[in-house]
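Heads up: the structure comes next, in C-alpha cells.
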Amino acid sequence: GVPMDCFEVYSPEADQWTALPPMPTARAGVAVANLGKRIMVIGGVGVNQTPLKIVEMYNIDEGKWKKRNSLREAAMGISVTAKDYRVYAAGGLGSDLRPHNYLQHYDMLKDIWVSLAAMPTPRYAATSFLRGTKIYVLGGRQSKYAINAFEVFDTETRSWTKFPNIPNKRAFSSFVPTEDKLFSLGGLRQGRLYRQPKFMRTVDMFDMEQGGWLKTERSFYLKKRRADFVAGYLKGRVVVAGGLGNQPTVLESAEAFHPEKNKW
C-alpha cells in the first residue's frame, strides 16, 4: 500500500471523523496497539517501500507524538497484543523479505524491547489475541502463501505450545474469539500450479475448553464468499462486514452469526 501519515478519530455519538496530529513517519502495513491513553505504532513500510524499525507513540491527553525505542530489526506485518504496560510483537516480514520468528515485548515504563522465546513458525500478517495470560497466534503468511499454524505463548512461563492446525489453509481470512469458541472465517484459497484462487464461505470453530477444532456443517458457513474483510464479536454475535468476493467491486454486505440458532 501507499505509506500515509494521516491519523484520525471517530466519534460514534457525533457520527464524525476528526483529524489529529499526523504520524511523524508515513507508513503502510503498520502494527497498532493501545496502552491505556497511549497509541503505539510499530514498524511497517516507509515511503521508499522498505520495512521500518521506527516506533512512535501518541499521548491522547497531550495530543502529541513521541519516538520510542526502535525494533531490533525493521519489519512490516507484525502481530501485536497489549497486556498491562507491555506490547508483545510477534513475527513480521524483514528487509530481506523473509518472515521472522521473533517474539519481543515492549515495556512502556522502561522504554525497552526485550527478546523472548522464538515463535515456532516464522510468519507475518498473522492474527493474535490475548486470553488470560496467553497470547494466541493464528495463520499468517510465508512469502505469498498462507500458513495454517496455530501457536500459543504463555506470558507467565514464557514458553510456546503448538495447537492443532487451522483445518482450512487460506489467506485474508478473519479470526474472532468469543467466550468459549474461536471462529476462523472466509478467506481466499490460493491457487497453485493450474488451480485458480477461490473466495471461501468456510467457517471453522475451535473449542477453547476442549482444545480442538469442531466439525462444522455447511449450514454454519457464511452466506457470501469473502476475503480481506473486518470481523468482530458484538453483543453475543459474530459479525462480518465488507471485503472482496466474486463481484467486480468490494462487498457492502454484513452478516451476523447467532450462536444459539447456529446460523447467519
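Some points to look at:
- Taking 0.36 nm per residue of sequence separation and removing the Cα-Cα distance, the V47/D154 pair yields an extension gain of 34.9 nm.
- Filtered trypsin sites (Lys or Arg not before Pro), the range 140-182: DSSP coil and at most 14 other beta carbons within 10 Å: K144, R158
- Cβ-based net charge around V55, under 13 Å, with every Lys or Arg adding one and every Asp or Glu removing one: +3
- Centre-to-centre separation between the Cα atoms of the range 132-161 and those of the range 39-81: 21 Å.
- Formal net charge of residues neighbouring K224 (Cβ-Cβ distance under 12 Å; K, R +1; D, E -1): +2
- Think of the range 168-264 as having a plus end and a minus end, set by charges on the Cβ of Lys, Arg, Asp and Glu; of T178, Q190, M205, Q190 sits farthest toward the positive end of this dipole.
- Residues A117 and A256, FRET efficiency given R0 of 51 Å [Cβ-Cβ distance, rounded to 0.05]: 0.85
- GluC sites (Glu not before Pro) lying in DSSP loop within the range 193-264, provided at most 15 other Cβ fall within 10 Å: E209, E217, E252, E260
- Across every pair of non-identical alpha carbons in the range 1-131, the mean reciprocal distance, once inverted, gives a Kirkwood radius of 15.1 Å.
- Sites D84 and R218, calculated FRET efficiency, Cβ-Cβ separation with R0 35 Å, nearest 0.05: 0.25
- Averaging 1/r across all pairs of distinct Cα atoms in the range 204-248 and inverting the result yields a Kirkwood radius of 12.5 Å.
No value in this document is a laboratory result; all are computed from the given coordinates. Small disclaimer: the values here were computed from a predicted structure and weren't measured. As a convention, Cβ positions derive from the backbone with ideal geometry for all residues, glycine included, and neighbour counts pool all protein chains shown.
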